[in-house]
1. Among A:45, A:66, A:102, which is touching an Asp or Glu at 6+ places or on another chain (Cβ under 9 Å) and surrounded by fewer than 24 Cβ atoms within 10 Å (Cβ to Cβ)?
2. In this structure, does residue A:225 turn out to be at pLDDT 95 or above and either more than 10 Å from chain B (Cβ to nearest Cβ) or open to solvent by less than 10 Å² (accessible area, probe 1.4 Å) (or both)?
3. Any idea which residue in the stretch A:78-99 is surrounded by the most Cβ atoms within 10 Å (Cβ to Cβ), counting only those that are polar (S, T, N, Q) and within 20 Å of residue A:331 (Cβ to Cβ)?
4. In the stretch A:363-421, which residues are more than 22 Å from the chain's Cα centre (by Cα), of a type in the set (Ser, Thr, Tyr) and part of a helix (DSSP H, G or I)?
5. Name the residue, out of B:51, B:8, that is touching a residue at least 24 places away in the same chain (Cβ under 8 Å) and among the small types (Gly, Ala, Ser).
6. Taking the stretch A:399-429 as the search range and keeping residues that are open to solvent by 50 Å² or more (accessible area, probe 1.4 Å) and of a type in the set (Ser, Thr, Tyr), which one is farthest from residue A:299 (Cα to Cα)?
7. Of all residues in the stretch B:31-43, which are more than 9 Å from chain A (Cβ to nearest Cβ), among the aliphatic types (A, V, I, L, M) and under 8 Å from the mean Cα position of the chain (by Cα)?
Amino acid sequence: MNNIVVLPLLIPLCTAVLLLFFRSSIKLQRMVSVIGQSSSAAACAVLLWQTGTGGVQTLAMGGWKAPYGIMFTADFIAALLVTASTIVAGFCLLYSFGSVGAERETFYFYPFFQFLMAGVNGSFLTGDLFNLFVCFEVMLISSYSLLLLGGTREQLRAGLGYMLINIMSSTLFVAAVAYLYGVTGTLNMAHLSERIAAAGQDGILSVIAMLFLIVFSLKAGLFLFFWLPGSYAAPPPAVTALFAALLTKVGLYALIRTFTLLFPGDPELTHSWIGWMAGATMLLGAAGALSSKDVMRILNFNIVISVGFAAFGLAVANEASLQGLVFYMVQDMAAKALLFLLGGLMIREAGTQRLDRMGGLYASRPGLAWMFLIAALSAAGIPPLSGFAGKLLLVQGGLQSGAYVLTAVALASSLIVLYTLVRLFMKVFWGTASERPTACSLNESSSPGSSRWAGITAGVLCFLVVLLGVGSEWLAQASSAAVLTLLDPTVYIDAVLKE
Amino acid sequence: MELLLALAVGTLFAVGVYMILARSLLRVILGLSLLTHSVHLLLLTMSGLKAGAPPLLGGQAESYVDPLPQALILTSIVISFGVTSLYLVLAYKTYKKLGTDDTEQLRGEADE
């Protein structure tokens, strides 16, 4: 029993409710948001330290013991992801101060932001399958609101598709939960794992596993990513950065939990499907990134590629690849957020997001250029930076298990990530701008002061990304500790059921 | 009884999917709510339909009804209620702003 487990969910929730009362005062809203976000980050850090030293931490809601009550369970991977997402979201919050505009700020941007964090952190920490659904919904409903806030034509159009897809997948989620409950009679994840292992993962359970694969793949953008590039291009960059850093990771985390804890029994079926889907995701994402001529779309397809890359680690599922997967997910949160924040700055500076109309930005913003180069190289996995170690471990894992084709695809996709981002860099920063449109096409406000503020925020995040690369030894150790519960479900089960 | 309910779930699901494929936004929304209803019914059916006393009251009955699916359905109904109302507002707003509720016409890149 440890009450800190629920704090990363509770603090954003309380902050959000508190923020509802200060609608008119933007200054106060910003202050309360920052205080809420930093105290949430502090709680996450404490939780991370406790799981690191004391093993899996659990909390039974209302004192109802597992498997009857709702459990919150923080093993090391959950604590690590919660900490990373809270810190990265903090940077998106700071960036949004100067960029989302006063209108959004008065219409509950910050409460929605905090509700989204509550949903994200809850999804990472919950130990109950139906509670996972509820946390997903909290996260998704806030993401609908953040996506739609502003109500431009493009946002409305994107919102319709985004909501439709997510409601469909949530419906399938409930259906899968219903089937699983009908077969096993429990929804506590540890208890489910035990019962599924005892029953043997036969036909009906494999079907349910595939249903969960479809549901979480839709959320993570694994193969079923057709909704992602269009809808993530609509909201302002601060929101897109938040989505890119967190939402697909939550889907990936759900996939990891499902296929290491609940359904590890039939890898011939499930994991080979994940492998195929990961390969196809990388190839299709690469094709999309190569053919796009718009800054945001290129970056969006890069999200898709990285989801495929991470899923490749799950498909192989040996120690090295899972360690690489955890490492990659944590660093990708920071790197993707940075890419999108810088993308937003570039678009603001150039006044357009069409690649063929941009150019010559290096003359006016050399700092931005260098930061983007660092972010791009990190995303591609160039050695001193943080992307490298994660990709190295994933590739090692792939080769150990003899998944040569998939490894080759993964390496090729890294090359394409490098190509698309460097092409983006060259087009935006080199050469001369042919014509500079005066009207800012992007739906965000801009003033010199806010631009400088956003630049500083991105700069600090960039420093953090570099730090993650230089200090990758520490993160590698952390992710090898995180893998323990993934490789051996009994650690997780014992912590929940034997208390 | 289970068979009957299973048929009802299947029919609702099929009708829901058919309506989501329609071009009018309002039909899509109605289809979505039918779909969620069918899933709730599925949740009820999958946990087994058995007669029994309310759980734990008095503690003397021979058999009890499983309370969990009902709690799950209640939660899910509340969520789908919220999401559906948000979607309705979005559809209305889209109709106001873009002047159409036909998904075929919504798809085009109007401002390019």
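1. Working: A:45 fails: touching an Asp or Glu at 6+ places or on another chain (Cβ under 9 Å); A:102 fails: touching an Asp or Glu at 6+ places or on another chain (Cβ under 9 Å).
Criteria check complete, one pass: A:66.
2. No.
3. Step by step, filter the stretch A:78-99, then rank; the result is A:85.
4. Listed by number, the residues that qualify are A:364, A:404, A:407, A:419.
5. Selected residue: B:8, the only one of B:51, B:8 that is touching a residue at least 24 places away in the same chain (Cβ under 8 Å) and among the small types (Gly, Ala, Ser).
6. Taking the candidates together, the pick is A:401.
7. As a first pass, look at the stretch B:31-43 and keep what is more than 9 Å from chain A (Cβ to nearest Cβ): B:31, B:33-34, B:37, B:41.
If we keep only those that are among the aliphatic types (A, V, I, L, M) too, we end up with B:34, B:41.
B:34 - this is the single residue of the stretch B:31-43 that is more than 9 Å from chain A (Cβ to nearest Cβ), among the aliphatic types (A, V, I, L, M) and under 8 Å from the mean Cα position of the chain (by Cα).
A quick yes/no check of all residues on (1) within 24 Å of residue A:187 (Cα to Cα); (2) under 21 Å from the mean Cα position of the chain (by Cα); (3) polar (S, T, N, Q):
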{"site": "A:42", "(1), (2), (3)": "no, yes, no"}
{"site": "A:63", "(1), (2), (3)": "yes, no, no"}
{"site": "A:70", "(1), (2), (3)": "yes, no, no"}
{"site": "A:73", "(1), (2), (3)": "yes, yes, yes"}
{"site": "A:78", "(1), (2), (3)": "yes, yes, no"}
{"site": "A:94", "(1), (2), (3)": "no, yes, no"}
{"site": "A:102", "(1), (2), (3)": "no, no, no"}
{"site": "A:110", "(1), (2), (3)": "no, yes, no"}
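The values are calculated or read from the model by the stated rules, or taken from the named source; none is laboratory data. Here the structure is a predicted model, which means the values were calculated and not measured. Quick reminder, even Gly has a Cβ in these numbers, built from the backbone with ideal geometry, and neighbours come from all protein chains shown. Ligands, DNA and RNA are excluded from the accessible area calculation, which covers all protein heavy atoms including side chains. Shrake-Rupley method; radii C 1.70, N 1.55, O 1.52, S 1.80 Å.
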